[in-house]
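What follows is a single structure, written as C-alpha cells, with notes after it.
The values are calculated or read from the model by the stated rules, or taken from the named source; none is laboratory data. These numbers were taken from a predicted model, which means no experiment stands behind them. All Cβ positions, even for glycine, are placed from backbone atoms using ideal geometry, and neighbour counts span all protein chains on display. Just so you know, the surface numbers come from the protein's heavy atoms only, side chains and all, with ligands and any DNA or RNA stripped out. Shrake-Rupley method; radii C 1.70, N 1.55, O 1.52, S 1.80 Å.
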Amino acid sequence: MVTPHYDNLEADRSWMNEYGCIQIIEESEENEKTRPLWKKLMLSLERGDEVVITKFSNALRGSRELAIFLEFCRVKVIRVISIRDRIDSGDILFPDTKASAILEMFGSLPDEALALRKAAAHETKLKQKMILSADDMSKFKESKKEKEATIINMYMAGYPIDEIWRACGYKSRSSIFRVLNENNIKLNRGKHSGPIKKWSERKNPIINRDKQESSE
C-alpha cells in the first residue's frame, strides 16, 4: 500500500516489488478522503496474509484508526510490515528496531497523518484553481470574440458609435475603433473614414509639416 504526496514513493514501490508483493495499490488524490482502494484491500485480506505499507502515518489517519487496524490484523493473524517505520510484526525484518522507536511512531502518528492530509488537500485546491483559471480564460477569450463580432455587425448595420459603445460596455469609444481597425473594417461615417492612422501620424499635422519643410 503506497500513498501520494510522499517523498520516498518510488523507492518504497521498488522495495515492495523486490520483496515480492503480489498487489501494490496507490490511492489517487481525488479519493484521498474516501480511500476506496484501502477499504477494498481490508475486505480482501484473509487469515495469514501480509500487509506492507510505506509508513503508518501514510496509511492511517490517527491513533483510533491505528488501534482498529492493529486489532483487525491481530484477530486475522495478519503480518504487518512498515517500511519507513522499520516495523515488522513478524519479528523477521528490522531486528534492530527498538521499543522506543515504536512508541515514537505511535506518538507522532496523529501529527504526521494530519500534515499529509493537509498537503494533499492544499495540492488538490491548487489544481482546482488552475483548472478554473484555465476555464475562466477560455470563457474570457470566447466573450471577447463575441463582443468584437457584435461591434462589427452593429457598425456594418449602421448603428451609431455611441449605441455600439453602450451595447458592448467598453470604457471608451476608442476601443470601438480599435476593434474595427484590427478587423480591417473600413470606417465610412462622420470624420472617421478609412483605416485609423497611428497617433504619431495624425497628431499636430502642422507641426509635422513644419518639421518636414525645415528638414528639406
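The table for this structure:
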item: The one condition in (1) out of contact with any Cys (no Cβ under 7 Å at 6 or more places or on another chain); (2) modelled with pLDDT of 80 or more that residue 151 fails to fulfil; result: (1)
item: Flag if residue 37 is free of Cβ contacts under 8 Å to residues at least 40 places away in the same chain, within 21 Å of residue 112 (Cβ to Cβ) and either open to solvent by 50 Å² or more (accessible area, probe 1.4 Å) or not aliphatic (A, V, I, L, M) (or both); result: yes
item: Set 74, 79, 47: member being within 16 Å of residue 16 (Cβ to Cβ) and more than 34 Å from the chain's Cα centre (by Cα); result: 79
item: Qualifying residues in segment 82-106 (those that are within 14 Å of residue 55 (Cα to Cα) and of a type in the set (Gly, Ala, Ser)) - the one farthest from the chain's Cα centre (by Cα); result: 89
item: Lone unmet requirement of (1) over 18 Å from residue 67 (Cβ atoms); (2) touching a helix residue (DSSP H, G or I) at 6+ places or on another chain (Cβ under 8 Å) for residue 110; result: (1)
item: Sole residue being open to solvent by less than 20 Å² (accessible area, probe 1.4 Å) and closer than 21 Å to residue 114 by Cβ, chosen from 27, 32, 65; result: 27
item: Any hit, segment 1-14, residues being in contact with a strand residue (DSSP E or B) (Cβ under 8 Å, 6 or more places away or on another chain), touching a residue at least 60 places away in the same chain (Cβ under 8 Å) and β-branched (Val, Ile, Thr); result: yes
item: Every pair of residues 6+ apart whose Cβ atoms lie under 6 Å, when the first sits in segment 169-185 and is among the polar types (S, T, N, Q) while the second is in a loop (DSSP other than H, G, I, E, B) and surrounded by 15 or more Cβ atoms within 10 Å (Cβ to Cβ); result: 181/196
